[in-house]
Amino acid sequence: TFTPEVSANLKGNHGLEITMSTQWLGLLASATLRVMHPELYFAGLHTILRLGEWVEKQGDVELLDCLKNWASVFNVVMVMCNRSTPPHRDPKCLPEALDVMMSVSEYAPAVMDLTNLGITLGYKSGTMVATCCWIVRHAVDVHCRDGVMWAWFMRDTVH
């Protein structure tokens, strides 16, 4: 049986600080999804609300505190620093979902390849890309020391 729990990165004294620091970008990614795919936005919102109700009934104070400050309809965020990624799909994500990936730091432009579509995108700071990462193979090529990318997505085990 799957039992949700607080990510190891969000446990302890710094968990609340980390969660609070993600709020603005979480709201931005959620608002983007609301425009692009309203049904998925409301499904994610419904899931987060139901998860909160379930956690409250379970009495898991740590997870409830985290959820109270989670400002996104996505249930997972991954932050990658100074990393290039090889072409890949994300099979643990929902097949019908859109993932929102964003580049948020000051650095030389990176490149995102959507390999099975034959598309190459400039991925400079401030860029957001939404794809169905379960289907679309994607890769990011970063050639600098100050690259930060955020990927917001929905894991199938929570929905």
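Read-outs throughout are calculated quantities, based only on the coordinates presented, and are distinct from any laboratory measurement. Everything numeric here is computed off the predicted structure, so don't read it as measured data. When we count neighbours, we look across all protein chains shown, and the Cβ atoms used for this are built from the backbone with ideal geometry, even at glycine.
Key figures
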| read-out | value |
| --- | --- |
| Cβ-based exposure ranking for Tyr41, Tyr123, in which fewest neighbours within 10 Å come first | Tyr41, Tyr123 |
| Order of Trp54, Trp24, Trp134 under a 10 Å beta carbon neighbour criterion, fewest first | Trp24, Trp54, Trp134 |
| Segment 11-138, dipole about Cα centre (Lys/Arg Cβ +1, Asp/Glu Cβ -1), debye to the nearest 20 | 260 debye |
| Straight-distance crosslink candidates among lysines, where the alpha carbon sits under 17 Å from Lys11 and sequence neighbours closer than 8 are dropped | Lys68 |
| Positive-end extreme of charge dipole, segment 8-68 - chosen from Leu28, Leu64, Leu16 (charges on Cβ) | Leu28 |
| Cα pair distances of the chain binned at 5 Å [whole percent] | 2, 9, 17, 20, 20, 16, 9, 5, 2, 0 |
| Orientation-averaged projected area, Cα convex hull of segment 55-118 (nm²) | 6.9 nm² |
| Quarter of the Cα convex hull surface for segment 76-153, i.e. its orientation-mean projected area (nm²) | 4.4 nm² |
| Calculated FRET efficiency for the pair Asn82/Met20, C-beta based, R₀ 22 Å, to 0.05 | 0.40 |
